[in-house]
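K.L.:
The following block contains the structure, expressed as structure tokens.
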Amino acid sequence: MDKLRITQLKSLFDEIGHFINNEDNSEQVEIWFARELQEILGYARWENFIVAINRAVDSCKTQNINVDDHFREVTKMVELGSGAKREITDFMLTRYACYLIAQNGDPKKEEIAFAQSYFAVQTRKAELIEERLNLLSRLETRDKLRASEKQLSQNIYERGVDDKGFGRIRSKGDTALFGGHTTEDMKTRLGIKSNRPLADFLPTLTIAAKNLATEITNYNVDNKNLFGEQPITNEHVQNNKSVRDILGQRGIKPEELPAAEDIKKLERKVASDENIIEKATKKLPKPKK
């Protein structure tokens, strides 16, 4: 997501934030209304959005967090086209409630992906939102590579290649992608322990490059009906060379890109975010009797 789009979405989300006083009027609590959030998140029908809200409520209950602190059903009067008015259901939501709703939405939707970071960051600084979006993008790209490599391992096992053979194929693919540098060479260059996966320390672009080459190999193993270690190795090496050529046309040499932060560290950070966000979120004031 580019900086302009981040700025545009941030402005939209900022506009629907509201402030209400707590019980003793000592401070203000920032809240959002579900009907307004629904529109920005790209849900055309309330019936579909209420499903995401209910999932978020269930998530809150699962963590033994008081739902009433973050979700409150309210009613509003809205004017119809005829001039008549009718009552509709809405929800008053805290930042944490909005975060849970975003977590239960479709992450492929740009607005949902943005909301996951917008509500996770306690300040409204665009650069911090962008930083978290980039972090989540790297985690997602790493997950895709894990999945494509798992698929390749399963595919080639059925075609006469065992686990050791898969390791050799993957290693030769790395050597092709990194311009003659082996997997171990790259670990040494980047200061990575020998027992850790190289991909856990690669920048998003390089992980995506490895994934693209692996996805092409998966496709061609089936499409060309390749069998045995050598034909599959040749295919995987060629695909990595082709991806390297594409990067080279844009002036990028994968072996020269610096190491990125350990994926495992980022995964732990994201896993702990939910608890931190809930504790940092101001609770809804008690309803007036």
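K.L.:
Restricted to the range 88-113, and to residues that are β-branched (Val, Ile, Thr) and in contact (Cβ under 8 Å) with a residue 40 or more places away in the chain, which residue is farthest from Lys10 (Cα to Cα)?
P.N.:
Ile88
K.L.:
Then there is this: Quick check on the range 220-227. Is at least one of its residues loosely packed, with under 12 Cβ neighbours inside 10 Å, assigned to a helix (DSSP H, G or I) and touching a residue at least 12 places away in the same chain (Cβ under 8 Å)?
P.N.:
Scanning the range 220-227, I find at least one residue that is loosely packed, with under 12 Cβ neighbours inside 10 Å, assigned to a helix (DSSP H, G or I) and touching a residue at least 12 places away in the same chain (Cβ under 8 Å), so the answer is yes.
K.L.:
Going through the range 38-92 one residue at a time, which ones are in a loop (DSSP other than H, G, I, E, B), more than 18 Å from Glu111 (Cβ to Cβ) and within 22 Å of the chain's Cα centre (by Cα)?
P.N.:
Residue satisfying the conditions is Gln63 alone.
K.L.:
Exactly one condition in (1) under 23 Å from Asp143 (Cβ atoms); (2) modelled with pLDDT of 95 or more; (3) within 28 Å of the chain's Cα centre (by Cα) is not met by Val221; state its number.
P.N.:
(3)
Yes/no matrix, rows are residues, columns are (1) touching a Ser or Thr at 6+ places or on another chain (Cβ under 7 Å); (2) among the small types (Gly, Ala, Ser); (3) in contact (Cβ under 8 Å) with a residue 24 or more places away in the chain:
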{"position": "Glu15", "(1), (2), (3)": "no, no, no"}
{"position": "Phe33", "(1), (2), (3)": "no, no, yes"}
{"position": "Leu37", "(1), (2), (3)": "no, no, yes"}
{"position": "Ile40", "(1), (2), (3)": "no, no, yes"}
{"position": "Glu47", "(1), (2), (3)": "no, no, no"}
{"position": "Ile50", "(1), (2), (3)": "no, no, no"}
{"position": "Asn54", "(1), (2), (3)": "no, no, no"}
{"position": "Ser59", "(1), (2), (3)": "no, yes, yes"}
{"position": "Thr62", "(1), (2), (3)": "no, no, no"}
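K.L.:
For Glu87, only one of the following conditions fails: (1) surrounded by 13 or more Cβ atoms within 10 Å (Cβ to Cβ); (2) in the same structural domain as Thr7 (by TED's automatic domain parsing); (3) touching a Lys or Arg at 6+ places or on another chain (Cβ under 8 Å). What is its number?
P.N.:
So the condition that Glu87 fails would be (1).
K.L.:
Suppose we filter Gly165, Gly160 for residues that are surrounded by fewer than 17 Cβ atoms within 10 Å (Cβ to Cβ) and either closer than 30 Å to Glu235 by Cα or of a type in the set (Phe, Trp, Tyr) (or both); which single one remains?
P.N.:
Answer to the check: Gly160.
K.L.:
Give me a count of the residues in the range 172-210 that are in contact with a helix residue (DSSP H, G or I) (Cβ under 7 Å, 6 or more places away or on another chain), buried (at least 21 other Cβ atoms within 10 Å of the Cβ) and outside any helix (DSSP H, G or I).
P.N.:
The qualifying residues number 1.
K.L.:
Tell me which residues, restricted to the range 2-30, are more than 24 Å from the chain's Cα centre (by Cα) and among the β-branched types (Val, Ile, Thr).
P.N.:
If the condition is that a residue be more than 24 Å from the chain's Cα centre (by Cα) and among the β-branched types (Val, Ile, Thr), then Ile20, Val29 are the ones that fit.
K.L.:
Go over the candidates Ile216, Ile252 one by one and state the one that is surrounded by 17 or more Cβ atoms within 10 Å (Cβ to Cβ) and either part of a loop (DSSP other than H, G, I, E, B) or under 29 Å from the mean Cα position of the chain (by Cα) (or both).
P.N.:
Ile216
K.L.:
Just to be sure before I move on: is Trp32 in contact with a Cys (Cβ under 7 Å, 6 or more places away or on another chain) and among the hydrophobic types (A, V, I, L, M, F, W, C) in the structure I sent?
P.N.:
yes
K.L.:
Residues that are under 18 Å from Glu267 (Cβ atoms), in contact (Cβ under 8 Å) with a residue 12 or more places away in the chain and among the polar types (S, T, N, Q): does the range 114-130 have at least one?
P.N.:
Yes: one or more hits.
K.L.:
If you check Lys76 against the conditions, is it at pLDDT below 90, of a type outside the set (Val, Ile, Thr), surrounded by fewer than 20 Cβ atoms within 10 Å (Cβ to Cβ) and more than 30 Å from Asn218 (Cα to Cα)?
P.N.:
yes
The values are calculated or read from the model by the stated rules, or taken from the named source; none is laboratory data. Keep in mind the model is a prediction, meaning the values are calculated, not measured. Positions of Cβ are generated from backbone atoms using ideal geometry, with glycine treated the same way; all protein chains shown enter the neighbour counts.
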